[in-house]
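Okay, structure first, notes after.
Any read-out appearing in this document is the output of simple, stated calculations on the displayed coordinates, not a laboratory observation. Here the structure is a predicted model, which means the values were calculated and not measured. Counting neighbours? That spans all protein chains shown, and the Cβs are built from the backbone with ideal geometry, glycine included.
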């Protein structure tokens, strides 16, 4: 079974937000963490927009949580916008929903 996923696409053209699209899964979560983390750290981004995520799993959720933690460590507040329903349900089941606010 091939677990590789296509890389996520990152649009950081908005002044305050980073929009992530594509699949955010075990196959690309490590690379996505680096790319998303770098994008949100530039120019004081305050919003992580997940409206373009078409599929995610627990590794995708962990990636988003890690990006939020990295931002907090740098003293920056990052909010998540447009979380996909599947990721929202997984966050609820894992009882980490409050960390995504």
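Assorted remarks:
- The relative contact order of the chain, computed from alpha carbon pairs under 8 Å that lie at least 6 residues apart in sequence, is 25 percent.
- DSSP beta bridge pairing in the chain, given as percent antiparallel to the nearest 5: 25
- The chain - convex hull of alpha carbons, volume per residue in Å³: 86
- Computed [θ] at 222 nm, deg cm²/dmol, the chain (DSSP H ≥ 4; -39,500 (n - 2.57); rounded to nearest 500): -12000 deg cm²/dmol
- Between the stretch 18-32 and the stretch 63-82, the C-alpha centres lie 15 angstrom from each other.
- Reference-scaled alpha-carbon Rg (2.2 N^0.38 Å with N residues) for the stretch 58-101: 1.09
- By average C-beta atoms within 10 angstrom, highest first, the peptides 8-14, 48-54, 72-78: 48-54, 8-14, 72-78
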